[in-house]
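Note sheet for the following structure.
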Amino acid sequence: MLNYAIRRLLIAVPTLLLISLIVFALLKLAPGDPLANMPLTIPPEVRERMRVALGVNKPLIVQYLLWLKQFFVVEPAHAFDMLFGTHFSAGMQRIISWQTRSPVFDIIAQRLPQTLWVVGLAYVVGTLLALPIGVLSAYKQYSIFDQAGTFLSMVGLAVPPFFSGVLVILVFAVYLGWFPSIYNTNLVVDSWSSFGEQVRQMVMPVMVLAVQTTAQISRYLRSSMLDNLGQDYVRTARSKGMGESVVVLVHVLRNSMIPVITVIALGLPAIFGGAIVTEQIFKVNGIGQLLITAIYANDIPMVQTLTFIFAILIVVFNLVADLLYGVLDPRIRYD
């Protein structure tokens, strides 16, 4: 297992470099100017000095190598300095946002907690709800519970979040007045009342996102459970006198989780990427809204850094899913 993980990590290095090159090239080829939003009254010589300060006057290969150095050397060194009080990154140029003129990773660090609170909690809630629903739907196939679960899952998968989000706001915020329609990012949780207010404003975005997660994972788990319930090892376990709960929850569920692990693991990077549509609807200042704002402002350093972070997370969690296969199924070996 360790050798397999090391091999996969070594393969991931050229993969990520290729992805970084593609992301950088596509964004550089896209039309746009970092000084497009500047006043036209700025003298040409001042505008040129601003280009030099942003580094956009250098050859593309130099800009690409500089960005890689900043991403893999300068930013980790700065994080190390912040944690341990050292000065390894002193004088090094960090990745600067064209829109805010601030370090990109500082802005991401400010927005990430909001995304993890809302999108991360929604993913956890959706996964925890999906597991029992998928198991019961498969075990009680064609029952009323299975048909209701199938119907709700189809609705959850078919209804887009831009519609369900607006519908939830209309019902629970406008008509009933139970929850606030806009997420207050500046709320400081320092008392029980503020904690309750935080919970109230998180209910609707978490609800919208959790429905989609529950629908997707429960359908995968139900299908996988049905495939395993008819296998010979299940009949053998029952013939040996094992209890039904042991057969279903230990033997069948463990084997059925193998394809579901892929869905769960590959969905985890979306937590850090944020829910772009949902964050826009509920005004959550998370990573998703940050990406949309950066795209509108033609903030190439922010866009390419966020995109590359998402690519790294996908590669990492793909490896995690492959390693979990061997943990769930002893028949899988990576020799």
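The values are calculated or read from the model by the stated rules, or taken from the named source; none is laboratory data. Keep in mind the model is a prediction, meaning the values are calculated, not measured. All Cβ positions, glycine included, derive from the backbone under ideal geometry; neighbour counts span all protein chains shown.
Across segment 281-327, what is the total count of residues that are among the aliphatic types (A, V, I, L, M) and over 13 Å from the mean Cα position of the chain (by Cα)?
Qualifying residue count for the region: 16.
Return a yes/no flag: does segment 229-241 have any residue that is touching a residue at least 40 places away in the same chain (Cβ under 8 Å) and among the aromatic types (Phe, Trp, Tyr).
No, there is no match, as no residue in segment 229-241 is touching a residue at least 40 places away in the same chain (Cβ under 8 Å) and among the aromatic types (Phe, Trp, Tyr).
Limited to segment 70-86, what total is found for residues that are aliphatic (A, V, I, L, M) and surrounded by 13 or more Cβ atoms within 10 Å (Cβ to Cβ)?
The number of residues fulfilling the criteria is 4.
Go through (1) within 23 Å of the chain's Cα centre (by Cα); (2) of a type outside the set (A, V, I, L, M); (3) within 27 Å of GLN304 (Cα to Cα) and name the single condition THR127 misses.
Of everything listed in (1) within 23 Å of the chain's Cα centre (by Cα); (2) of a type outside the set (A, V, I, L, M); (3) within 27 Å of GLN304 (Cα to Cα), THR127 misses just condition (3).
Can PRO205 be described as under 24 Å from the mean Cα position of the chain (by Cα), assigned by TED's automatic domain parsing to the domain that holds ILE276, loosely packed, with under 14 Cβ neighbours inside 10 Å and assigned to a helix (DSSP H, G or I)?
Taking the combined requirement at face value, the residue does not satisfy it.
What is the number of the single condition among (1) loosely packed, with under 13 Cβ neighbours inside 10 Å; (2) not in a helix (DSSP H, G or I) that SER89 does not meet?
(1)
In segment 229-248, which residues are over 14 Å from LYS140 (Cα atoms) and either aliphatic (A, V, I, L, M) or buried (at least 19 other Cβ atoms within 10 Å of the Cβ) (or both)?
VAL234, ALA237, MET242, VAL246, VAL247, listed by residue number.
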